[in-house]
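The values are calculated or read from the model by the stated rules, or taken from the named source; none is laboratory data. A quick note: this is a predicted structure, and the numbers were derived from the prediction, not measured. Positions of Cβ are backbone-derived with ideal geometry, glycine not excepted, and every protein chain shown enters the neighbour counts. These area figures cover heavy atoms from the full protein model, side chains too; ligands, DNA and RNA do not enter into them. Shrake-Rupley method; radii C 1.70, N 1.55, O 1.52, S 1.80 Å.
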Amino acid sequence: MTEKLFIFDTTLRDGEQSPGASMTREEKLRIARQLERLRVDVIEAGFAASSNGDFEAVKSIADAIKDSTVCSLARANDRDIARAAEALKGANSSRIHTFIATSELHMEKKLRMSRDQVYEQARLSVRFARNLCGDVEFSPEDGYRSDPDFLCRVLEAVIAEGATTINIPDTVGYAIPELYGSFIKNLRERIPNADKAIWSVHCHNDLGMAVANSLAGVMIGGARQVECTINGLGERAGNCSLEEVVMALRTRRDYFGLDVSVDASQIVPASRLVAQTTGFVVQPNKAVVGANAFAHASGIHQDGVLKARDTYEIMRAEDVGWTTNRIVLGKLSGRNAFKQRLQELGVELESEAEINAAFARFKDLADRKSEIFDEDIIALVSDESVTVEQEHYRLLSLSQRSETGERPHAQVTFAAGGQELKAESQGNGPVDASLKAIESRLSSGAEMLLYSVNAITSGSTESQGEVTVRLQLGGRVVNGVGADPDIVVASAKAYLSALNKLQSKAERVAAQG
Ligand code: KIV
Ligand code: ZN
(Lines give C-alpha, C1' and ligand atoms only; values in the text may rest on other atoms or scores of the structure.)
(Ligands and ions follow the chains in the order given, each with its own letter.)
Protein backbone atom coordinates (compact mmCIF):
# COMPACT_ATOMS: atom_id res chain seq x y z
CA MET A 1 0.00 0.00 0.00
CA THR A 2 1.30 3.49 -0.83
CA GLU A 3 1.78 5.99 1.93
CA LYS A 4 -0.35 9.10 2.22
CA LEU A 5 0.95 12.65 2.27
CA PHE A 6 -1.30 15.07 4.15
CA ILE A 7 -2.04 18.47 2.63
CA PHE A 8 -2.44 21.21 5.24
CA ASP A 9 -3.75 24.43 3.72
CA THR A 10 -2.95 27.67 5.52
CA THR A 11 -4.29 30.19 2.97
CA LEU A 12 -6.73 31.51 5.57
CA ARG A 13 -4.07 31.92 8.26
CA ASP A 14 -0.52 32.35 6.96
CA GLY A 15 -1.78 33.45 3.54
CA GLU A 16 -4.00 36.05 5.12
CA GLN A 17 -1.02 37.51 7.00
CA SER A 18 0.12 38.96 3.69
CA PRO A 19 -0.37 42.77 3.92
CA GLY A 20 -3.65 43.64 2.23
CA ALA A 21 -4.93 40.06 2.01
CA SER A 22 -7.23 40.25 5.01
CA MET A 23 -10.61 38.68 4.34
CA THR A 24 -14.05 39.01 5.86
CA ARG A 25 -15.71 36.10 7.66
CA GLU A 26 -17.96 35.48 4.66
CA GLU A 27 -15.03 35.46 2.26
CA LYS A 28 -13.10 33.04 4.46
CA LEU A 29 -16.08 30.74 4.72
CA ARG A 30 -16.44 30.72 0.94
CA ILE A 31 -12.77 29.84 0.51
CA ALA A 32 -12.99 27.17 3.21
CA ARG A 33 -15.86 25.51 1.34
CA GLN A 34 -13.76 25.51 -1.82
CA LEU A 35 -10.84 23.99 0.12
CA GLU A 36 -13.19 21.28 1.31
CA ARG A 37 -14.23 20.62 -2.30
CA LEU A 38 -10.52 20.49 -3.11
CA ARG A 39 -10.34 17.81 -0.40
CA VAL A 40 -7.39 19.18 1.53
CA ASP A 41 -6.80 17.21 4.72
CA VAL A 42 -6.49 20.19 7.07
CA ILE A 43 -7.75 23.76 6.77
CA GLU A 44 -5.96 26.20 9.05
CA ALA A 45 -8.87 28.58 9.40
CA GLY A 46 -7.15 31.36 11.33
CA PHE A 47 -5.68 32.42 14.62
CA ALA A 48 -8.69 32.50 16.94
CA ALA A 49 -7.09 34.52 19.76
CA SER A 50 -5.81 37.28 17.50
CA SER A 51 -9.10 39.19 17.21
CA ASN A 52 -12.83 38.71 17.64
CA GLY A 53 -13.15 38.71 13.86
CA ASP A 54 -10.69 35.85 13.54
CA PHE A 55 -12.41 33.94 16.34
CA GLU A 56 -15.76 34.26 14.56
CA ALA A 57 -14.24 33.21 11.24
CA VAL A 58 -12.62 30.09 12.73
CA LYS A 59 -15.88 29.26 14.51
CA SER A 60 -18.01 29.64 11.35
CA ILE A 61 -15.62 27.44 9.39
CA ALA A 62 -15.47 24.83 12.17
CA ASP A 63 -19.28 24.75 12.24
CA ALA A 64 -19.66 24.49 8.45
CA ILE A 65 -16.88 22.18 7.25
CA LYS A 66 -17.54 18.46 7.48
CA ASP A 67 -14.84 16.64 5.52
CA SER A 68 -11.56 18.41 6.32
CA THR A 69 -10.00 18.83 9.75
CA VAL A 70 -10.33 22.45 10.87
CA CYS A 71 -7.36 23.93 12.70
CA SER A 72 -6.66 27.13 14.63
CA LEU A 73 -3.25 28.58 15.35
CA ALA A 74 -2.46 29.51 18.98
CA ARG A 75 0.63 30.90 20.64
CA ALA A 76 2.01 28.62 23.33
CA ASN A 77 -0.04 30.01 26.19
CA ASP A 78 -3.21 28.83 27.92
CA ARG A 79 -5.36 31.79 26.87
CA ASP A 80 -4.65 31.41 23.14
CA ILE A 81 -5.08 27.64 23.30
CA ALA A 82 -8.38 27.84 25.21
CA ARG A 83 -9.66 30.40 22.70
CA ALA A 84 -8.70 28.11 19.79
CA ALA A 85 -10.47 25.17 21.44
CA GLU A 86 -13.57 27.29 22.02
CA ALA A 87 -13.70 28.40 18.36
CA LEU A 88 -13.25 24.81 17.17
CA LYS A 89 -15.97 23.33 19.39
CA GLY A 90 -18.43 22.73 16.55
CA ALA A 91 -15.97 20.97 14.22
CA ASN A 92 -16.36 17.37 13.08
CA SER A 93 -12.60 17.03 13.29
CA SER A 94 -10.39 19.70 14.87
CA ARG A 95 -6.75 20.48 15.50
CA ILE A 96 -4.95 23.00 17.70
CA HIS A 97 -1.67 24.25 16.23
CA THR A 98 0.52 25.82 18.88
CA PHE A 99 3.89 27.45 18.35
CA ILE A 100 6.79 29.15 20.08
CA ALA A 101 10.08 30.37 18.64
CA THR A 102 13.17 28.26 19.31
CA SER A 103 16.02 30.00 17.45
CA GLU A 104 18.56 31.88 19.59
CA LEU A 105 17.75 35.06 17.70
CA HIS A 106 14.01 34.88 18.32
CA MET A 107 14.30 33.68 21.92
CA GLU A 108 16.77 36.37 22.91
CA LYS A 109 15.60 39.37 20.88
CA LYS A 110 11.89 38.77 20.45
CA LEU A 111 10.69 36.61 23.32
CA ARG A 112 13.41 37.60 25.81
CA MET A 113 13.20 34.12 27.26
CA SER A 114 15.87 31.58 28.17
CA ARG A 115 16.08 28.14 26.57
CA ASP A 116 14.70 26.55 29.74
CA GLN A 117 11.74 28.90 29.80
CA VAL A 118 10.89 28.19 26.15
CA TYR A 119 11.28 24.44 26.76
CA GLU A 120 8.88 24.56 29.73
CA GLN A 121 6.34 26.74 27.94
CA ALA A 122 6.31 24.48 24.88
CA ARG A 123 5.84 21.37 27.01
CA LEU A 124 3.10 22.78 29.25
CA SER A 125 1.25 24.31 26.30
CA VAL A 126 1.10 21.03 24.43
CA ARG A 127 -0.05 19.29 27.62
CA PHE A 128 -2.80 21.91 28.04
CA ALA A 129 -3.82 21.67 24.37
CA ARG A 130 -3.99 17.86 24.52
CA ASN A 131 -6.48 18.11 27.36
CA LEU A 132 -8.75 20.10 25.07
CA CYS A 133 -8.19 18.42 21.70
CA GLY A 134 -6.96 14.99 20.60
CA ASP A 135 -5.09 16.41 17.60
CA VAL A 136 -2.28 18.85 18.48
CA GLU A 137 0.37 20.21 16.18
CA PHE A 138 3.49 21.87 17.54
CA SER A 139 5.73 24.27 15.57
CA PRO A 140 9.08 25.58 16.76
CA GLU A 141 8.97 28.95 15.00
CA ASP A 142 12.14 29.72 13.05
CA GLY A 143 12.83 26.01 13.57
CA TYR A 144 15.21 25.69 10.67
CA ARG A 145 17.55 28.32 12.18
CA SER A 146 17.39 26.73 15.64
CA ASP A 147 20.16 24.77 17.34
CA PRO A 148 19.42 21.08 16.52
CA ASP A 149 20.44 19.95 20.05
CA PHE A 150 17.95 22.29 21.67
CA LEU A 151 15.30 21.44 19.08
CA CYS A 152 15.71 17.71 19.82
CA ARG A 153 15.18 18.41 23.53
CA VAL A 154 12.01 20.49 22.92
CA LEU A 155 10.51 18.18 20.30
CA GLU A 156 11.08 15.03 22.32
CA ALA A 157 9.31 16.70 25.25
CA VAL A 158 6.30 17.90 23.26
CA ILE A 159 5.86 14.50 21.63
CA ALA A 160 5.93 12.95 25.10
CA GLU A 161 3.17 15.42 26.07
CA GLY A 162 1.05 14.18 23.17
CA ALA A 163 1.81 16.37 20.13
CA THR A 164 0.54 14.40 17.14
CA THR A 165 2.19 16.51 14.41
CA ILE A 166 5.62 18.15 14.52
CA ASN A 167 6.02 20.95 12.00
CA ILE A 168 9.43 22.41 11.12
CA PRO A 169 8.99 25.96 9.83
CA ASP A 170 11.52 27.66 7.64
CA THR A 171 9.96 30.90 8.83
CA VAL A 172 12.22 33.25 6.90
CA GLY A 173 12.71 31.19 3.73
CA TYR A 174 16.41 30.61 4.37
CA ALA A 175 16.61 26.88 3.63
CA ILE A 176 18.20 25.03 0.71
CA PRO A 177 16.43 21.81 -0.37
CA GLU A 178 19.12 19.28 0.48
CA LEU A 179 20.03 20.96 3.76
CA TYR A 180 16.41 21.32 4.87
CA GLY A 181 15.69 17.67 4.05
CA SER A 182 18.75 16.50 5.99
CA PHE A 183 17.89 18.79 8.91
CA ILE A 184 14.54 17.00 9.33
CA LYS A 185 16.06 13.57 8.75
CA ASN A 186 18.62 14.25 11.46
CA LEU A 187 15.95 15.36 13.96
CA ARG A 188 13.85 12.27 13.24
CA GLU A 189 16.86 9.98 13.70
CA ARG A 190 17.96 11.57 16.96
CA ILE A 191 14.62 11.95 18.75
CA PRO A 192 13.74 8.61 20.37
CA ASN A 193 9.93 9.06 20.17
CA ALA A 194 9.97 10.71 16.69
CA ASP A 195 7.82 7.93 15.24
CA LYS A 196 4.92 8.86 17.55
CA ALA A 197 4.18 11.99 15.48
CA ILE A 198 3.64 12.91 11.85
CA TRP A 199 6.37 15.26 10.62
CA SER A 200 5.44 18.31 8.64
CA VAL A 201 7.14 20.94 6.48
CA HIS A 202 6.30 24.66 6.40
CA CYS A 203 8.41 26.69 3.99
CA HIS A 204 8.42 30.35 3.07
CA ASN A 205 9.46 31.43 -0.38
CA ASP A 206 11.98 34.23 0.17
CA LEU A 207 14.58 32.59 -2.05
CA GLY A 208 12.00 31.06 -4.39
CA MET A 209 12.61 27.56 -3.01
CA ALA A 210 9.57 26.92 -0.82
CA VAL A 211 8.19 24.16 -3.04
CA ALA A 212 11.62 22.55 -3.60
CA ASN A 213 12.38 22.72 0.13
CA SER A 214 9.03 21.19 1.04
CA LEU A 215 9.52 18.31 -1.39
CA ALA A 216 13.04 17.71 -0.06
CA GLY A 217 11.58 17.67 3.46
CA VAL A 218 9.28 14.91 2.24
CA MET A 219 11.80 12.85 0.28
CA ILE A 220 14.96 13.29 2.35
CA GLY A 221 13.43 14.16 5.71
CA GLY A 222 10.50 11.73 5.67
CA ALA A 223 7.86 14.41 6.36
CA ARG A 224 4.31 13.30 5.61
CA GLN A 225 2.50 16.63 5.82
CA VAL A 226 3.09 19.71 3.65
CA GLU A 227 1.81 23.12 4.73
CA CYS A 228 0.97 25.34 1.79
CA THR A 229 -1.32 28.04 0.43
CA ILE A 230 -3.35 28.54 -2.74
CA ASN A 231 -1.34 30.60 -5.27
CA GLY A 232 1.53 30.58 -2.75
CA LEU A 233 -0.21 33.47 -0.96
CA GLY A 234 1.63 34.71 2.10
CA GLU A 235 3.77 37.36 3.68
CA ARG A 236 6.75 38.71 1.73
CA ALA A 237 7.44 36.24 -1.11
CA GLY A 238 4.69 33.94 0.12
CA ASN A 239 4.38 30.33 1.24
CA CYS A 240 4.85 27.01 -0.51
CA SER A 241 2.24 26.88 -3.26
CA LEU A 242 -0.37 24.13 -2.90
CA GLU A 243 -0.98 23.70 -6.62
CA GLU A 244 2.71 23.25 -7.41
CA VAL A 245 3.34 20.75 -4.63
CA VAL A 246 0.25 18.72 -5.41
CA MET A 247 0.90 18.61 -9.14
CA ALA A 248 4.57 17.74 -8.62
CA LEU A 249 3.50 14.82 -6.42
CA ARG A 250 0.91 13.64 -8.92
CA THR A 251 2.84 14.21 -12.13
CA ARG A 252 6.00 12.62 -10.72
CA ARG A 253 4.30 9.91 -8.71
CA ASP A 254 6.88 7.56 -10.24
CA TYR A 255 9.49 9.33 -8.09
CA PHE A 256 7.58 10.41 -4.97
CA GLY A 257 5.37 7.32 -4.66
CA LEU A 258 2.94 9.06 -2.31
CA ASP A 259 -0.83 9.52 -2.40
CA VAL A 260 -2.57 12.85 -1.90
CA SER A 261 -6.32 13.03 -1.58
CA VAL A 262 -6.67 16.44 -3.26
CA ASP A 263 -9.17 16.67 -6.13
CA ALA A 264 -6.92 18.42 -8.65
CA SER A 265 -9.83 19.50 -10.84
CA GLN A 266 -10.72 22.01 -8.09
CA ILE A 267 -7.31 23.70 -8.20
CA VAL A 268 -8.04 26.41 -10.78
CA PRO A 269 -11.43 27.33 -9.26
CA ALA A 270 -9.67 27.63 -5.86
CA SER A 271 -6.92 29.76 -7.37
CA ARG A 272 -9.42 32.10 -9.02
CA LEU A 273 -11.49 32.42 -5.90
CA VAL A 274 -8.48 33.32 -3.75
CA ALA A 275 -7.18 35.80 -6.34
CA GLN A 276 -10.56 37.47 -6.76
CA THR A 277 -11.19 37.63 -3.04
CA THR A 278 -7.82 39.02 -2.00
CA GLY A 279 -6.98 41.08 -5.08
CA PHE A 280 -3.62 39.26 -5.32
CA VAL A 281 -3.48 38.63 -9.03
CA VAL A 282 -1.79 35.45 -10.29
CA GLN A 283 1.19 36.12 -12.57
CA PRO A 284 0.52 34.81 -16.12
CA ASN A 285 3.54 32.47 -16.15
CA LYS A 286 2.81 30.97 -12.71
CA ALA A 287 3.05 27.17 -12.79
CA VAL A 288 -0.28 25.30 -12.97
CA VAL A 289 -2.62 28.25 -12.36
CA GLY A 290 -1.12 31.09 -14.44
CA ALA A 291 -3.10 32.12 -17.53
CA ASN A 292 -0.19 31.00 -19.75
CA ALA A 293 0.59 27.77 -17.90
CA PHE A 294 -0.89 25.70 -20.72
CA ALA A 295 -0.63 28.16 -23.62
CA HIS A 296 1.65 27.17 -26.47
CA ALA A 297 2.65 30.19 -28.50
CA SER A 298 5.56 28.97 -30.61
CA GLY A 299 4.75 27.25 -33.88
CA ILE A 300 6.97 24.27 -33.10
CA HIS A 301 5.23 23.65 -29.79
CA GLN A 302 1.75 24.08 -31.24
CA ASP A 303 2.53 21.68 -34.02
CA GLY A 304 3.92 19.13 -31.57
CA VAL A 305 0.96 19.37 -29.20
CA LEU A 306 -1.51 18.95 -32.08
CA LYS A 307 0.29 15.79 -33.22
CA ALA A 308 0.78 14.31 -29.78
CA ARG A 309 -0.14 16.20 -26.67
CA ASP A 310 2.64 14.83 -24.46
CA THR A 311 5.38 16.20 -26.75
CA TYR A 312 5.22 19.45 -24.78
CA GLU A 313 2.63 18.87 -22.04
CA ILE A 314 3.33 17.01 -18.82
CA MET A 315 -0.08 17.74 -17.30
CA ARG A 316 -3.50 18.20 -18.85
CA ALA A 317 -5.13 21.60 -18.36
CA GLU A 318 -8.53 20.03 -17.71
CA ASP A 319 -7.09 17.84 -14.93
CA VAL A 320 -6.36 20.93 -12.85
CA GLY A 321 -9.70 22.54 -13.60
CA TRP A 322 -9.01 24.73 -16.61
CA THR A 323 -12.13 24.94 -18.72
CA THR A 324 -12.79 27.29 -21.57
CA ASN A 325 -14.83 30.19 -20.25
CA ARG A 326 -18.30 28.83 -19.91
CA ILE A 327 -21.33 30.99 -20.60
CA VAL A 328 -23.48 30.08 -17.70
CA LEU A 329 -26.24 32.61 -17.58
CA GLY A 330 -27.63 35.48 -19.58
CA LYS A 331 -30.20 38.22 -19.62
CA LEU A 332 -33.13 35.82 -19.71
CA SER A 333 -31.99 33.63 -16.85
CA GLY A 334 -34.35 33.64 -13.91
CA ARG A 335 -33.84 33.83 -10.18
CA ASN A 336 -33.97 30.04 -9.77
CA ALA A 337 -31.28 29.44 -12.38
CA PHE A 338 -29.15 32.10 -10.70
CA LYS A 339 -29.70 30.56 -7.27
CA GLN A 340 -28.85 27.11 -8.57
CA ARG A 341 -25.63 28.35 -10.17
CA LEU A 342 -24.66 29.98 -6.87
CA GLN A 343 -25.15 26.62 -5.18
CA GLU A 344 -23.07 24.84 -7.80
CA LEU A 345 -20.30 27.38 -7.24
CA GLY A 346 -20.50 26.74 -3.51
CA VAL A 347 -21.66 30.27 -2.73
CA GLU A 348 -24.08 30.38 0.13
CA LEU A 349 -25.82 33.68 0.63
CA GLU A 350 -27.43 33.61 4.02
CA SER A 351 -30.79 35.31 3.57
CA GLU A 352 -33.39 35.66 0.83
CA ALA A 353 -32.69 39.40 0.97
CA GLU A 354 -29.05 38.76 0.06
CA ILE A 355 -30.04 36.49 -2.83
CA ASN A 356 -32.48 39.13 -4.06
CA ALA A 357 -29.85 41.84 -3.89
CA ALA A 358 -27.31 39.67 -5.71
CA PHE A 359 -29.91 38.75 -8.33
CA ALA A 360 -30.71 42.43 -8.91
CA ARG A 361 -27.00 43.07 -9.52
CA PHE A 362 -26.85 40.09 -11.83
CA LYS A 363 -29.76 41.46 -13.89
CA ASP A 364 -28.11 44.83 -14.01
CA LEU A 365 -24.87 43.22 -15.23
CA ALA A 366 -26.71 41.03 -17.77
CA ASP A 367 -28.28 44.16 -19.25
CA ARG A 368 -24.84 45.50 -20.00
CA LYS A 369 -22.96 42.28 -20.75
CA SER A 370 -24.46 39.60 -22.94
CA GLU A 371 -22.55 36.60 -21.60
CA ILE A 372 -22.14 35.97 -17.90
CA PHE A 373 -19.39 33.57 -16.79
CA ASP A 374 -18.73 31.87 -13.47
CA GLU A 375 -16.00 34.40 -12.74
CA ASP A 376 -18.51 37.24 -13.22
CA ILE A 377 -20.83 35.62 -10.70
CA ILE A 378 -18.07 35.20 -8.14
CA ALA A 379 -17.06 38.85 -8.57
CA LEU A 380 -20.67 39.90 -8.23
CA VAL A 381 -21.25 38.04 -4.98
CA SER A 382 -17.88 39.17 -3.63
CA ASP A 383 -19.22 42.69 -3.98
CA GLU A 384 -22.38 41.51 -2.30
CA SER A 385 -20.63 40.06 0.75
CA VAL A 386 -18.72 43.29 1.25
CA THR A 387 -21.83 45.37 1.05
CA VAL A 388 -23.84 43.15 3.35
CA GLU A 389 -21.11 42.66 5.93
CA GLN A 390 -19.29 45.86 6.29
CA GLU A 391 -20.62 48.45 3.96
CA HIS A 392 -20.17 51.96 5.04
CA TYR A 393 -19.43 53.49 1.66
CA ARG A 394 -21.23 52.38 -1.48
CA LEU A 395 -21.11 53.72 -5.00
CA LEU A 396 -24.47 54.97 -6.23
CA SER A 397 -23.62 56.56 -9.57
CA LEU A 398 -20.74 57.91 -11.55
CA SER A 399 -20.43 59.99 -14.65
CA GLN A 400 -17.26 61.17 -16.27
CA ARG A 401 -16.22 63.08 -19.34
CA SER A 402 -12.95 62.76 -21.16
CA GLU A 403 -11.96 64.06 -24.53
CA THR A 404 -8.66 64.36 -26.35
CA GLY A 405 -6.97 67.58 -25.28
CA GLU A 406 -9.36 68.14 -22.33
CA ARG A 407 -8.69 67.44 -18.69
CA PRO A 408 -11.05 64.59 -17.62
CA HIS A 409 -13.79 65.40 -15.14
CA ALA A 410 -15.84 63.03 -12.93
CA GLN A 411 -18.97 63.31 -10.78
CA VAL A 412 -19.50 60.62 -8.20
CA THR A 413 -22.45 59.98 -5.90
CA PHE A 414 -21.94 57.53 -3.06
CA ALA A 415 -23.54 56.51 0.20
CA ALA A 416 -21.55 57.06 3.38
CA GLY A 417 -23.16 55.47 6.41
CA GLY A 418 -26.68 56.15 5.12
CA GLN A 419 -25.91 59.68 3.89
CA GLU A 420 -25.77 60.47 0.19
CA LEU A 421 -22.66 62.41 -0.83
CA LYS A 422 -21.93 64.05 -4.16
CA ALA A 423 -18.44 64.95 -5.29
CA GLU A 424 -16.65 66.06 -8.40
CA SER A 425 -13.11 66.55 -9.52
CA GLN A 426 -10.75 66.75 -12.43
CA GLY A 427 -7.85 64.35 -12.79
CA ASN A 428 -5.11 63.07 -15.06
CA GLY A 429 -7.50 60.48 -16.45
CA PRO A 430 -11.13 59.47 -15.74
CA VAL A 431 -10.07 57.00 -13.03
CA ASP A 432 -7.88 59.57 -11.33
CA ALA A 433 -10.67 62.16 -11.52
CA SER A 434 -13.20 59.73 -9.98
CA LEU A 435 -10.97 58.70 -7.07
CA LYS A 436 -9.96 62.33 -6.46
CA ALA A 437 -13.66 63.23 -6.36
CA ILE A 438 -14.29 60.62 -3.64
CA GLU A 439 -11.22 61.72 -1.73
CA SER A 440 -12.28 65.37 -1.94
CA ARG A 441 -15.30 64.51 0.24
CA LEU A 442 -13.73 61.94 2.55
CA SER A 443 -10.17 63.18 3.06
CA SER A 444 -9.21 59.68 4.20
CA GLY A 445 -5.51 60.47 3.88
CA ALA A 446 -4.89 56.87 2.77
CA GLU A 447 -1.83 56.29 0.63
CA MET A 448 -2.34 54.23 -2.52
CA LEU A 449 0.22 51.43 -2.78
CA LEU A 450 -1.19 49.63 -5.78
CA TYR A 451 -3.73 50.09 -8.55
CA SER A 452 -4.24 47.28 -11.06
CA VAL A 453 -6.83 46.33 -13.68
CA ASN A 454 -7.47 42.85 -15.04
CA ALA A 455 -10.03 41.36 -17.34
CA ILE A 456 -12.08 38.86 -15.31
CA THR A 457 -12.44 36.52 -18.24
CA SER A 458 -9.69 36.60 -20.80
CA GLY A 459 -9.89 37.07 -24.52
CA SER A 460 -12.32 39.91 -25.06
CA THR A 461 -12.88 43.59 -24.30
CA GLU A 462 -16.45 42.62 -23.40
CA SER A 463 -15.07 41.17 -20.20
CA GLN A 464 -15.66 42.89 -16.89
CA GLY A 465 -12.70 44.83 -15.60
CA GLU A 466 -11.58 43.83 -12.15
CA VAL A 467 -9.71 46.53 -10.30
CA THR A 468 -7.58 46.09 -7.19
CA VAL A 469 -6.67 49.08 -5.06
CA ARG A 470 -4.26 48.71 -2.14
CA LEU A 471 -4.40 51.45 0.49
CA GLN A 472 -2.28 52.11 3.54
CA LEU A 473 -3.34 54.15 6.53
CA GLY A 474 -1.88 54.26 10.03
CA GLY A 475 0.10 51.04 9.58
CA ARG A 476 -2.84 49.09 8.11
CA VAL A 477 -2.75 47.84 4.54
CA VAL A 478 -5.97 46.73 2.83
CA ASN A 479 -6.99 45.64 -0.64
CA GLY A 480 -10.26 46.65 -2.22
CA VAL A 481 -11.59 44.85 -5.28
CA GLY A 482 -14.30 46.12 -7.64
CA ALA A 483 -15.68 44.66 -10.85
CA ASP A 484 -17.72 46.24 -13.62
CA PRO A 485 -17.74 46.28 -17.43
CA ASP A 486 -16.80 49.98 -17.05
CA ILE A 487 -13.32 50.12 -15.51
CA VAL A 488 -13.85 53.64 -14.15
CA VAL A 489 -16.84 52.36 -12.19
CA ALA A 490 -14.85 49.26 -11.16
CA SER A 491 -12.10 51.58 -9.89
CA ALA A 492 -14.48 53.67 -7.80
CA LYS A 493 -16.00 50.47 -6.35
CA ALA A 494 -12.54 49.11 -5.53
CA TYR A 495 -11.54 52.38 -3.87
CA LEU A 496 -14.71 52.47 -1.73
CA SER A 497 -14.29 48.78 -0.87
CA ALA A 498 -10.77 49.46 0.39
CA LEU A 499 -12.03 52.42 2.42
CA ASN A 500 -14.72 50.14 3.89
CA LYS A 501 -12.01 47.75 5.03
CA LEU A 502 -10.02 50.58 6.59
CA GLN A 503 -13.19 51.58 8.43
CA SER A 504 -13.66 48.19 10.05
CA LYS A 505 -11.59 48.22 13.20
CA ALA A 506 -10.49 44.56 13.47
CA GLU A 507 -7.25 44.88 15.38
CA ARG A 508 -5.27 41.67 15.31
CA VAL A 509 -2.24 40.24 17.02
CA ALA A 510 0.53 39.28 14.61
CA ALA A 511 1.14 35.53 14.56
CA GLN A 512 4.86 36.01 14.53
CA GLY A 513 5.17 38.77 17.07
O1 KIV B 1 6.35 30.53 9.41
C2 KIV B 1 6.10 30.21 10.57
O3 KIV B 1 6.98 30.02 11.40
C4 KIV B 1 4.71 30.05 10.95
C5 KIV B 1 4.44 29.40 12.27
C6 KIV B 1 3.50 30.18 13.09
C7 KIV B 1 4.03 27.99 12.05
O8 KIV B 1 3.82 30.37 10.20
ZN1 ZN C 1 4.60 30.64 8.14
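Taking amide H positions as placed 1.01 Å from N in the peptide plane, with prolines and chain starts having none, which residues 5 or more places from VAL477, or on another chain, fall under 5 Å of its amide H?
Excluding prolines and chain starts, which carry no amide H, the hits are GLY20.
Take the solvent-accessible surface of the protein heavy atoms, probe 1.4 Å, and return the percent of it on segment 3-278 that carbon and sulfur atoms account for.
48 percent
Work out, step by step, the length gained on full extension between ARG394 and ARG316: first 0.36 nm times the residue separation, then minus their alpha carbon distance; give nm to one decimal. The partial results should precede the final answer.
Values: separation 78, 0.36 × 78 = 28.08 nm, distance 4.22 nm.
Answer, rounded to one decimal: 23.9 nm.
Treating only the Cβ atoms of Lys and Arg (+1) and Asp and Glu (-1) as charged, compute the dipole magnitude of the chain about its Cα centre; round to the nearest 20 debye. Don't skip to the end; give the middle numbers.
Details: 59 positive and 72 negative charges, 69 e Å.
The dipole magnitude comes to about 340 debye.
Can you pull the accessible area of SER443 for me, 1.4 Å probe, Å² to the nearest 10?
Rounded to the nearest 10, the figure is 90 Å².
So how far, in whole Å, is the C-alpha centre of segment 231-275 from the one of segment 387-446?
Rounded to whole Å, the Cα centres lie 40 Å apart.
Net charge within 9 Å of LEU124 by Cβ-Cβ distance, Lys/Arg positive one each and Asp/Glu negative one each, not counting LEU124 itself? Provide the component values of the computation, followed by the final result.
Numbers: positive: ARG123, ARG127; negative: ASP78, GLU120, GLU161.
With Lys, Arg at +1 and Asp, Glu at -1, the neighbours total -1.
Compute the projected area of the convex hull of the Cα atoms of segment 136-279, averaged over all viewing directions, and report it in nm² to one decimal place.
Over all viewing directions, segment 136-279 projects a mean Cα-hull area of 8.7 nm².
In segment 108-256, with Lys and Arg counted as +1 and Asp and Glu as -1 at Cβ, which of these residues, ALA122, ASN193, PHE150, has the Cα nearest the positive end of the dipole, that is, farthest along it?
ASN193
How tilted is helix 177-190 with respect to the longest principal axis of the chain? Cα atoms for both, answer in degrees (0 to 90, nearest 10).
40 degrees
Just tell me which lysines come within less than 23 Å, Cα to Cα, of LYS363; anything on the same chain fewer than 8 places away is out.
List returned: LYS331, LYS339, LYS493.
Taking Cα atoms, how many degrees apart are the long axis of helix 115-132 and the longest axis of the chain, rounded to 10 and kept between 0 and 90?
70 degrees
Quick check on the chain: helices-only [θ] at 222 nm, where DSSP H runs of length 4 and up contribute -39,500 (n - 2.57) each and the sum goes over total residues. Nearest 500, please.
Calculated at 222 nm, the ellipticity per residue is -12500 deg cm²/dmol.
Could you give me the ³J(HN,Hα) list for segment 368-377, computed from phi with Karplus coefficients 6.51, -1.76, 1.60 and θ = phi - 60°, whole Hz, x at Gly and Pro?
Per-residue couplings from phi come out as 9, 9, 6, 10, 10, 9, 3, 4, 5, 5 Hz.
Can you give me the solvent accessible area of MET219 with a 1.4 Å probe, rounded to the nearest 10 Å²?
Surface accessible to solvent at MET219 totals approximately 70 Å².
Counting pairs of Cα atoms in the chain, how many percent are more than 39 Å apart?
28 percent
Accessible area per residue of the chain at 1.4 Å probe, in Å²? Before the final figure, lay out each step's value.
Numbers: 21670 Å² over 513 residues.
Per-residue accessible area for the chain comes out at 42 Å².
How much FRET efficiency would the formula 1/(1 + (r/R0)^6) give for ILE176 and ASP303, where r is the Cβ-Cβ distance and R0 is 35 Å, rounded to 0.05?
My answer for the efficiency is 0.35.
Go through ARG309, ARG361, ARG252 and list them by solvent-accessible area, largest first, probe radius 1.4 Å.
I get ARG252, ARG309, ARG361, largest accessible area first.
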